[in-house]
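Each remark here refers to the structure printed beneath this line.
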Amino acid sequence: MQGGGVMHVLDTVEGFIGQFVAYPSDAAKVAHTLWIAHTHFMDSWESTPRLAFLSPEPGSGKSRALEVTEPLVPRPVHAVNTSPAYLFRKVSDPDGAPTILHDEIDTVFGPKAKDNEDIRGMLNAGHRRGATAGRCVVKGKIVETEELPAYCAVALAGLNDLPYTIMTRSVVIRMRRRSPTEVLQPWRHRINVPQATPIFEQLNQW
């Protein structure tokens, strides 16, 4: 695909997501567009940045940003209260690593979070190609250790900040409530996902 064709695809992605999400800046919308594109080239990178939609209050469009991302990325897994075993199995899928879209990430990293060390370890390590996350597996009376693949693209949405180790590996978009003058289209899954399909196919072809 020639340079002009590439720009057309990126412009199409930007135009699509911009219908549904109130971004804090044009740069944030561009960053979201480029992150979506990068998920189609995961075999080419040595490292993948996390994309983090964060805000101090609910109703700021964080979850909507993940919803519009889902139909545009390869093998999406929209995770909320997902078990570590499920995520590890998805990342180990022989058909290819997923794109994890983890909503309510504050429940994993927030002050009330419990028993999420496996997920934390995977998210911390998985920005780098070849990274693995270790965990213990109990088989009868025997406790064994295993190393599981962790490298995959991850977008996160949640309240407040993330731990320093995640923040330094993330493209952070500080979301805020949209103003009365900002007009957005409502997101309707049954209508808008089919509209996203040809855009996904263009990205996949690229």
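Confirm whether residue 57 is in a helix (DSSP H, G or I) and open to solvent by 10 Å² or more (accessible area, probe 1.4 Å).
Numbers: in a helix (DSSP H, G or I): no; open to solvent by 10 Å² or more (accessible area, probe 1.4 Å): yes.
Criteria not met by residue 57.
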**OP:** Being part of a loop (DSSP other than H, G, I, E, B) and over 14 Å from residue 168 (Cβ atoms) is the filter here, so list the residues in region 122-137 that pass it.
**Re:** 126, 129, 130, 131
**OP:** Taking residue 55 as the residue in question, decide whether it is under 12 Å from the mean Cα position of the chain (by Cα) and either small (Gly, Ala, Ser) or under 27 Å from residue 12 (Cβ atoms) (or both).
**Re:** no
Original post:
Among all residue pairs at least 6 apart or on different chains, which show Cβ distances below 8 Å where the first residue, located in region 85-108, is part of a loop (DSSP other than H, G, I, E, B) and the second is of a type in the set (Val, Ile, Thr) and open to solvent by 50 Å² or more (accessible area, probe 1.4 Å)?
Top reply: 103/80; 104/80
Subject >> Candidate set: region 10-31, residues that are over 18 Å from residue 203 (Cβ atoms) and assigned to a helix (DSSP H, G or I); chosen: the one least open to solvent (accessible area, probe 1.4 Å) >> reply: 28
Subject >> Residue that is farthest from residue 87 (Cα to Cα) [pool: residues in region 127-146 that are open to solvent by 70 Å² or more (accessible area, probe 1.4 Å) and of a type in the set (A, V, I, L, M)] >> reply: 142
Original post:
Does residue 11 satisfy being over 23 Å from residue 191 (Cβ atoms) and without any contact (Cβ under 8 Å) to a residue 12 or more places away in the chain?
Top reply: no
Subject >> The lone exception for residue 89 - which of (1) in contact with a Gly (Cβ under 9 Å, 6 or more places away or on another chain); (2) surrounded by fewer than 18 Cβ atoms within 10 Å (Cβ to Cβ) it fails >> reply: (1)
Original post:
Where in region 138-193 are there strands (runs of 3 or more DSSP E), lying wholly inside it, with at least 1 residues that are of a type in the set (Ser, Thr, Tyr)?
Top reply: 142-149, 170-174
Original post:
So how many residues does region 71-84 have that are free of Cβ contacts under 8 Å to residues at least 40 places away in the same chain and either under 15 Å from residue 200 (Cβ atoms) or open to solvent by 20 Å² or more (accessible area, probe 1.4 Å) (or both)?
Top reply: 7
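The values are calculated or read from the model by the stated rules, or taken from the named source; none is laboratory data. In this text the structure is predicted, and so the values were computed from the model without any measurement. Cβ atoms come from the backbone with ideal geometry, glycine included; neighbour counts cover every protein chain shown. Heavy atoms of the whole protein, side chains included, go into the accessibility calculation; ligands, DNA and RNA do not. Shrake-Rupley method; radii C 1.70, N 1.55, O 1.52, S 1.80 Å.
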